[in-house]
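What follows draws every value from the coordinates through simple rules; no lab data is involved. Since the structure is predicted, the reported quantities are computational estimates derived from the model, not experimental observations. Backbone-built Cβ (ideal geometry, glycine too); neighbour counts: all protein chains shown.
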Amino acid sequence: MSAVVTADGLGKRYRRRWALQDCTLEIPVGRVTGLVGPNGAGKTTLLGLVVGILTPTVGTIEVCGGRPAADSAQLAKVGFVAQDNPTYAGLTVADHLRLGAHLNPRWDDAAARRRIDRLHLDPRQRAGQLSGGQRAQLALTLGLAKRPELLILDEPVASLDPLARREFLQVLMEAVAEDEISVLLSSHVVSDLERVCDHVIVLVDSQVRIAGDVEDLLAGHHRLTGPRRDPATLPDDQDVVWASHTDRQSTYVVRTESPILDPAWSITALGLEDLVLAYMEGTAAGAPASPALEVLR
Amino acid sequence: MIWLTWRQFRTQFIAVYALVAAACVWLAVTGPALARLARENDDVYDLLTSTDRLLFNGGIAVLAVAPAVIGIFWGAPLVARELETGTFRLAWNQSITRGRWLAAKLGFAVLATAVAVGILTTAVTWWAHPIDGATGNQHGSLASRLTPISFAMRGVVPVGYAVFALLLGTLIGLILRRSVPAMAVTLAIYVAVQIAVPLWVRPHLVPATTTTMVISHGTLDGINLHSSGTLTITTHASRGDWILSNRTIDARGHSAALPSWFSTCLPPPPGAGSPQDKAAATSTNGSLDGCLSRLADEGYRQRLVYQPRNHFWPLQWAETGLYLTASAVLAGLSFWWTRRRLS
Amino acid sequence: MIEFSLDSRSGVSPYLQVVHQVRRALRLGLLVEGDQLPTVKDVVASLAINPNTVLKAYRELERDGLVAARPGVGTFVTRTLADSSLAAHEPLRRDLGRWLGKARSAGLDDESIEALFMSTFRAVNEEIA
């Protein structure tokens, strides 16, 4: 299977701080990938590197088979909806469409106009006067109408009310169904991602903790509850991601491919949100941090 | 990209060009009458109305300020605005490389600036030409073209200044990423440059003419007593030349102070003293000539270093070339910064 | 044409929810042979879920022989569940009726019966998984 994004040892440093380090991953084509992590984890940096607005300090990255922002053809393959949905406040909605038409070779003007109609946006209204949700929809329309292979969204729904958020995701998913594009979106709200993503990357403290297809990840992780036990006594093929102890009881989140046979454990399934939280908390609580694990597909 | 640049630029463009057009209309209306006046009268300065003088000095003020204003107000926000509002993230993701994006913006801005300032300076130069350097019996005169004040607002240099200010503003805006601080810093640097160039650079752009002359009654222009008590001599210079230095040199050719015996040569101030003093004055006058010839015998000459008035256009082109070269360097830096450093 | 809904808190994965909803519709007779299932695009546009989820659900239904995909046209029902399943499981229904009677006489109210059933159901499912 070909990958739409391939990163190898990718890192980005600002003065003395590493915003992203040791990033090695492969995002398969045709997926909706969620990039999750706490604020400041490096999500915007990683997305900036994929889009080509930032250049790496170390390592390499390949997007849709080419170097990001290398030339006009490469730029045409990637669409970007940046954080806060930047638009030109003084330009009208129609002006933005003309902007796209002039600057993109594969611009689909008919589709763009249809979307604007369906969203009930007034083409003559200035972008500065639109509501937050409408601006987000405009930015999404601009990103989709250039017919990219990969669409990248940085916290697209963070500042939207629940209705606007739902409408945004509806439009996005419909476009994925219709145009078969790959999507990479970042969020620090996991519950949105659960319905929309089939591939997920967890980024904590500038490093990738885990990445893989949601199905495989959920199948390979389990929550074990039972009498108090030391992590060292667990079998080798069980990687501890997260642990919590009371004086009598231990709860572990482990990752394993083999079945869990110890009858002392009561096993419960994990949802995506619980899984992500386990990885986010696990490194903070001092449980053995797993290195950048990846599910190979 | 041309369309987008125009669309973003539209309001400012129209505002500036409307003002330029208005100024041209007014100058065109008053110009011919003024030219006729200057043609028919030598002492045209006396005949100028206060409106004309106001326009003359006003033209200086506008042209002094216009290149800087246009350059800074168009240049500083050109990129800085996109950086501070975040719209660069939208622009740089369209299928156009950063280099092309900047090239379109800069190209358009440079062209618009050069044309606007070019029109303005042509109009003002044409209008002021008959009366530049006009003198009359009244006290005062209008500055001639070569003097630093007027030079900066005639001919071609304002275009060079404006393009320079524009590209300086763009680069500072790129580095600082904020429009308003960029405007302030650009203004400061621009003013510093505008003070330094006439002082240290312009005199040397075209080799100045040096003449040495004997100080005689005919060439003497004035004897000046400075507050420090020293005396210096100045000789005549032709009207319209830009005097760089007017100094006495001794027999060996070095700049020298006047010998101490010279102070006795001075006639007493007019109107003071008795008729006997007046007689003494006449005889001293004769002795002034004697002093001057004694000065000449001892080898003292007056050296004049100046730019003659026919150096006006060579100086203009040289200085414009200088500023345009500096602008090209700034443009190159801007491209480098955008592509390499803004990541 | 039926409409889907998604319960994001139920703990059941989205694709399974779609499968269950189609099967329920078939069982209740809301879908009969020849009916078209909503297109992937329409489902996704109303639920804001990943298209692959819907595709996966439809593929599983196709594997079970309940629907068939016609490329370029849509996905159509080929078999209903209304008749066969319930009648064939009459003994199970009777057993269940007896169990319910026992639960009632033990003093359990409706909620307790449902809770007992659901927790046992889940526990058994997990042990199988």
Legend entry - Estimated vicinal HN-Hα couplings, Hz - segment C:48-63 in sequence order (Karplus 6.51, -1.76, 1.60; Gly, Pro = x): 6, 10, 5, x, 4, 4, 5, 4, 5, 4, 5, 5, 5, 4, 5, 4
Legend entry - Under the Debye formula (equal points on every Cα, no solvent term), log10 I(q)/I(0) of the protein assembly as shown at q = 0.08, 0.10 Å⁻¹: -0.84, -1.09
Inset, instruction - Could you tell me which of C:28, C:16, C:74 has its Cα farthest along the dipole of segment C:14-77 towards the positive end, charges placed at Cβ (Lys, Arg +1; Asp, Glu -1), taken about the Cα centre? - result: C:16
Legend entry - Relative contact order (percent, whole number), chain C, Cα cutoff 8 Å, 6+ residue spacing: 23
Legend entry - Two-site FRET efficiency, residue A:110 against residue A:269, from Cβ-Cβ distance with R₀ of 45 Å, rounded to 0.05: 0.50
Inset, instruction - Relative to the longest principal axis of the C-alpha atoms of chain C, give the angle of the C-alpha long axis of helix C:90-105, reported between 0 and 90° and rounded to the nearest 10°. - result: 50
Inset, instruction - Give me the distance in nm between label points sitting 7 Å out from Cα along the Cα-to-Cβ direction at residue A:191 and residue A:159, one decimal. - result: 2.2
Inset, instruction - Under a cut-off of 17 Å between alpha-carbon atoms, report the lysines in cross-link reach of residue C:56, not counting same-chain residues fewer than 8 places apart. - result: C:41
Inset, instruction - Could you tell me which of A:120, A:130, A:66 has its Cα farthest along the dipole of chain A towards the positive end, charges placed at Cβ (Lys, Arg +1; Asp, Glu -1), taken about the Cα centre? - result: A:130
Inset, instruction - Note the full-extension length gain between residue B:65 and residue B:237 as 0.36 nm times their separation in residues minus their Cα-Cα distance, in nm to one decimal. - result: 58.9 nm
Legend entry - 16 Å Cα-Cα reach of residue A:146 towards lysines, excluding residues that sit fewer than 8 places from it in its own chain: A:77
Inset, instruction - Could you tally the net charge around residue A:252, taking each other residue with its Cβ under 9 Å from the Cβ of residue A:252, Lys/Arg +1 and Asp/Glu -1? - result: +2
Inset, instruction - Count charges around residue A:229 for me, please; just the other residues with Cβ under 13 Å from its Cβ, Lys/Arg as +1, Asp/Glu as -1. - result: -1
Inset, instruction - Specify the residue with the greatest mean-square fluctuation among A:205, A:262, A:122, computed from a Gaussian network of chain A linking alpha-carbon atoms under 10 Å apart. - result: A:262
Legend entry - Charge dipole magnitude, Cβ of K and R +1, D and E -1 - chain C, Cα centre, debye nearest 20: 200
Inset, instruction - Report the residue, chosen from A:150, A:46, A:261, that carries the largest GNM mean-square fluctuation when chain A is represented by alpha-carbon nodes joined by springs under 10 Å. - result: A:261
Legend entry - Spin-label model distance (nm) - residue B:310 vs residue C:78, 7 Å beyond Cα toward Cβ: 10.3
Inset, instruction - Averaging sequence separations of C-alpha pairs under 8 Å and six or more residues apart, then dividing by the length of chain A, give the relative contact order as a whole percent. - result: 20
Legend entry - Proxy reagent accessibility, fewest Cβ within 10 Å first, across A:255, B:154: A:255, B:154
Legend entry - Amide H partners (placed H, <5 Å) of residue B:221, local residues excluded: B:234, B:235, B:236
Inset, instruction - Taking the Cβ of each residue in A:23, A:64 as the centre, tally the other Cβ atoms inside 10 Å and list the residues starting with the fewest. - result: A:64, A:23
Inset, instruction - Mind telling me which of C:55, C:92, C:81 comes out most flexible in a GNM of chain C, alpha-carbon contacts under 10 Å? - result: C:92
Inset, instruction - Report the calculated FRET efficiency for residue B:216 and residue B:328 (r = Cβ-Cβ distance, R0 = 41 Å), to the nearest 0.05. - result: 0.20
Legend entry - Computed [θ] at 222 nm, deg cm²/dmol, chain A (DSSP H ≥ 4; -39,500 (n - 2.57); rounded to nearest 500): -9500 deg cm²/dmol
Inset, instruction - Could you size up the charge dipole of chain A around its Cα centre, putting +1 on the beta carbon of Lys and Arg and -1 on that of Asp and Glu, and report it in debye to the nearest 20? - result: 1140
Legend entry - FRET efficiency estimate (nearest 0.05) - Cβ-Cβ, residue C:68 to residue C:128, R0 22 angstrom: 0.15
Legend entry - Cut-off under 5 Å, modelled amide H: who pairs with residue A:147 long-range: A:108
Legend entry - Span-rule helices in chain A, defined as complete DSSP H runs reaching 15 Å or more along the axis (Cα) with Kyte mean at least -0.5: A:93-103, A:132-145, A:162-179, A:272-284
Inset, instruction - Choose one of C:108, C:119, C:97: the residue whose Cα lies farthest towards the positive end of the charge dipole of segment C:89-128 (beta-carbon charges +1 Lys, Arg; -1 Asp, Glu; about the Cα centre). - result: C:97
Inset, instruction - Quick one: dipole size for the protein assembly as shown, taken about the Cα centre, charges +1 on Lys/Arg Cβ and -1 on Asp/Glu Cβ, in debye to the nearest 20. - result: 2060
Legend entry - Radius 10 Å from Cβ of residue A:37, net charge of other residues (Lys, Arg +1; Asp, Glu -1): +1
Legend entry - Derived scalar couplings ³J(HN,Hα) [segment B:324-334; Karplus, 6.51 cos²θ - 1.76 cosθ + 1.60; whole Hz; x for Gly, Pro]: 5, 5, 4, 4, 4, 4, 4, 4, x, 4, 4
Legend entry - Footprinting exposure proxy for C:56, B:105, C:41, C:102 (fewest neighbouring C-beta atoms within 10 Å first): C:102, C:41, C:56, B:105
